[in-house]
Structures are given as C-alpha cells and as structure tokens.
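The values are calculated or read from the model by the stated rules, or taken from the named source; none is laboratory data. Since this is a predicted model, take the numbers as computed values, not measurements. Reconstructed Cβ throughout: ideal geometry from the backbone, glycine too, with neighbour counts over all protein chains shown.
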Ligand SMILES: Nc1ncnc2c1ncn2[C@@H]1O[C@H](COP(=O)(O)OP(=O)(O)O)[C@@H](O)[C@H]1O
Ligand SMILES: [Mg+2]
C-alpha cells in the first residue's frame, strides 16, 4: 500500500465516484459481443454442429472458413434465429443476453445483422421500404421515434456517401431479378445503412467479380469500429487482400479444427482443406 491513510481514502472515494458517473457503454469495447459455448445442432438424420466454442470481441474481424457442407451456414442461421435445425446442447450469449430466447426481430433490434448466402426476394417491396421497416423496428425497440421518408433518405445518403456503390439498387424490388452479384451488393448496402453491432456475412463474396470484391473489402474495412465486429464466412481468402481478419477459424464436419491469424488463409490456399489439421480443438482462443 502506498501513501497516507488520508490519501488512500481520497483515492478510494474518487474511484467510486468515477465509476458511478462514467457511462457503462464506455467499458463496452472490452466486453464480448458474442459467446458460443459447446454448441451442438442436429437434424433428424445427423449431427451438424458438434461442440462449437467461439468468442467474438468488439473491434475485431473474424473469418469462418471451411469446405462445402462443414456447417458454416448452419451456424450462421442458428445465430440469426432461422430455426430449421435443433439445438441439442450449448449456450449463446449476445451482448450479455441469452440469444436463444430472442426472436429473429429482437436479435436484429439488438444489433445483429445477417447477410444470407441466398438472400430472399420479396417481389413488389422496394429495398428502401424494407429497410425503412427494419430501421423503424430497431428505433421503436429503443423508444425512438420512427424515421420519416426524408430522414431515411438523408440517412442513406450519409451512410453511403464515402462508398462507391450505386444506391439505385435500393429502389428496386428486394432482390427481384437481380444478378447474384447485385444481390450481394444489396446485402452490403443494407448492412452499411443498418450499422449493426455484429454482422454475419455468409459468402457475401461468392459470385462477385474482381472489382466488386475489392469494393466489398474496402467497404467492410470502412465499417470497422472499436464497438462492432464482423464474421465473414467464406471459402476463399481472396477478400483478405482488402480486409485482414484478426482471427480465422476453420470449420470441418461441424467442429472448429484450427484458429489462427490471417496467415492461415495463405496456408489454406497452398494446402487446401483436406490437408489441414482435422482434429477438433477444444477451446478457441478469444484473441
Ligand atoms: N435442415 C437440414 N436437414 C438436413 N441436412 C441439413 C440441413 N441443414 C443443413 N444440412 C446439412 O448439413 C451440412 C452442413 O450444411 P451447411 O451448414 O449449409 O454447410 P456450409 O455452409 O459449410 O457449406 C450439409 O451436409 C447439409 O446438407
Ligand atoms: Mg454455406
């Protein structure tokens, strides 16, 4: 112990007062956004996920890679609340809450965004109107007034002003008659405008040409902040030329078999999935 008893007492009071007055959100970046513990998922026929442990911290970018059928989309769907498989074991905590008790809409309101591998089309509903409903649902859940049309347009303009993406996609019916690449860009635009805490992008790079991959990578890089995180699900490390993941996890047969930094992407390109270590690891490092 240092200092006189009087000095120590003053220090202790100062600390208590400071704790009471500093808003809790300031401490947010050091907390975990998402924690998956021993997650097991199965269908009637077979197990799909067999003991997934994953920690997602704010300010970080994660890549989830793996061969076809490894369980990547299954995991993403479970996180988004798309329930076509059964959770038999495990726990998922999102921003301190049990994610599994929340509806898909509640998850979105809390800041979870999912870009689906196969985005759905809603004929007759323009993307901008779909977004307006989504944004207002999030605002209502926070007791904020709904956005008017001019306010929404101002928001879209502000969020997309530094991006070189054609916002005309927003005025077409949601994913109707769009090419595969346009659908992916549409998802990206929605993500940028909704500004989620955690975005899960399931193969958002698949089917994109080289220039669009660069645009995607640079756009994702611009969304990076100390209080949000990204999970990029992909087969190939091409995107990592423009956005470097902090951690790459490799999923094989429903288990995480390797976790490392971005150099793992290069090893994968050289070796392929079959020659990688296939033994499941018990706990992923929460780097
Ligand atoms: N509802 C389901 N019923 C039966 N099999 C399923 C279902 N959902 C996924 N699968 C199977 O689970 C495995 C993992 O699928 P998926 O998560 O889509 O893989 P990935 O996205 O890694 O390519 C695949 O073999 C797939 O056919
Ligand atoms: Mg998939």
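A few notes on this one:
- Those residues of the stretch 58-67 which are within 8 Å of ligand 1 (Cβ to nearest atom) and in a strand (DSSP E or B), in sequence order: none
- Of the residues making up the stretch 148-161, none is away from ligand 2 (no atom under 16 Å from the Cβ), under 23 Å from residue 234 (Cα atoms) and assigned to a loop (DSSP other than H, G, I, E, B).
- Answer residue from the stretch 29-57, given it is under 30 Å from residue 242 (Cα atoms), without any contact (Cβ under 8 Å) to a residue 60 or more places away in the chain and surrounded by fewer than 22 Cβ atoms within 10 Å (Cβ to Cβ) and is nearest to ligand 1 (Cβ to nearest atom) among those: 35
- Check on residue 60, within 19 Å of the chain's Cα centre (by Cα), more than 10 Å from ligand 2 (Cβ to nearest atom), at negative phi and surrounded by fewer than 19 Cβ atoms within 10 Å (Cβ to Cβ): no
- Taking the stretch 176-219 as the range and being crowded, with 20+ Cβ neighbours inside 10 Å and under 11 Å from the mean Cα position of the chain (by Cα) as the test, the residues that pass are 191, 196, 198, 199, 200, 201, 202.
- Residue that is nearest to residue 60 (Cα to Cα) [pool: residues in the stretch 236-260 that are surrounded by fewer than 17 Cβ atoms within 10 Å (Cβ to Cβ) and out of contact with any helix residue (DSSP H, G or I) (no Cβ under 9 Å at 6 or more places or on another chain)]: 246
- Summed over the stretch 192-208, residues that are within 23 Å of residue 227 (Cβ to Cβ), within 16 Å of ligand 1 (Cβ to nearest atom) and assigned to a loop (DSSP other than H, G, I, E, B) total 1.
- Residue identified as assigned to a helix (DSSP H, G or I) and closer than 23 Å to residue 152 by Cβ among 178, 239, 216, 170: 170
- Some residue of the stretch 206-218 being in contact (Cβ under 8 Å) with a residue 24 or more places away in the chain and touching a strand residue (DSSP E or B) at 6+ places or on another chain (Cβ under 7 Å): no
- Filtered by the rule that a residue be touching a residue at least 12 places away in the same chain (Cβ under 8 Å) and over 17 Å from the mean Cα position of the chain (by Cα), the stretch 85-102 gives 85, 86, 87, 88, 89, 90, 91.
- Against the criterion of being modelled with pLDDT under 95 and more than 20 Å from residue 264 (Cα to Cα), residue 98 does not qualify.
- Matching residues, the stretch 261-279, being touching a helix residue (DSSP H, G or I) at 6+ places or on another chain (Cβ under 8 Å) and outside any loop (DSSP other than H, G, I, E, B): 265, 266, 268, 269
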